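Notes for the one structure printed next.
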Amino acid sequence: MSALGMIAYMVAALIVGTLITVFYSIFRKVKEHDNFRSWRFIGLFSVIVAVAPYGWAEYQTQQHAADMQKAVEATIKSAKVKGKLGYFKVQKADETSAKVIIVVKEKTTTNDAESCVIDATLKKDPKKGWRPDKFQFVDSFDRGKDGVTFPPYW
């Protein structure tokens, strides 16, 4: 599903980039009409729209990941996933809770390094720090889950 999710994500980014280009072209000066190359703007805006959620997740991860490492490992343990943490990305975080996407590389009968994707919520205890709260499997062949995150991670 991750390939289909990525294709859908890129098509959606292209559509949003096209809409932004249409709005941009409506408010341009009429004198510059002949120099307008819409395909360049569609490409530029589509790339910006596609990369922006990943950039935001990277920024949030850089800000909060060090504090959340143990909570992410505890989430993997409570989910009974037998594998190694590939990486995790912080989608949003505030003083009391955080939403993270966890990708675990797990050995299965069909694949030596299947990516098991978990969508988790962490809560912050003032005394103990970050702790696992809720989780759900998004993509895991062994668990019969076939979904995609926004933005797509695999």
>> Tell me the carbon and sulfur percent of the accessible area for segment 7-154, rounded to whole percent, probe radius 1.4 Å.
In response: 60 percent
>> If you average the C-alpha positions of segment 8-41 and of segment 107-154 separately, how far apart do those two centres end up, in angstrom?
In response: 37 Å
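Could you order 10, 68 by accessible surface area, starting with the largest, using a probe radius of 1.4 Å?
Final ranking, largest accessible area leading: 10, 68.
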> Direction-averaged shadow area of the convex hull around the Cα atoms of segment 35-116, nm²?
Replying inline: 8.2 nm²
> In the full protein assembly as shown, how much of residue 16 is accessible to a 1.4 Å probe, in Å² to the nearest 10?
Replying inline: 60 Å²
> Roughly how tilted is helix 2-26, in degrees to the nearest 10 and between 0 and 90, from the longest Cα axis of the chain?
Replying inline: 30 degrees
>> Sequence gap at least 6, Cα distance under 8 Å: using those rules, report the relative contact order of the chain to the nearest whole percent.
In response: 20 percent
> Can you list the aspartates and glutamates whose alpha carbon sits under 12 Å from that of residue 89, skipping same-chain ones fewer than 8 residues off?
Replying inline: 58, 119
>> Just the number please: accessible area per residue for the chain, 1.4 Å probe, all protein chains included, in Å².
In response: 66 Å²
> Tell me, what is the 1.4 Å probe accessible area of residue 15, in Å² to the nearest 10?
Replying inline: 100 Å²
>> What figure, in Å² to the nearest 10, do you get for the accessible area of residue 142 with a 1.4 Å probe and non-protein molecules left out?
In response: 90 Å²
> So, with +1 on the Cβ of K and R and -1 on the Cβ of D and E, and no other charges, what is the size of the charge dipole of segment 1-137 about its Cα centre, to the nearest 20 debye?
Replying inline: 220 debye
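The values are calculated or read from the model by the stated rules, or taken from the named source; none is laboratory data. This one's a predicted model, so the numbers in the text were calculated from it and none came from an experiment. Every residue, glycine among them, receives a Cβ derived from its backbone with ideal geometry; neighbour counts consider all protein chains shown. Areas reflect the complete protein model, heavy atoms only, side chains present, ligands, DNA and RNA absent. Shrake-Rupley method; radii C 1.70, N 1.55, O 1.52, S 1.80 Å.
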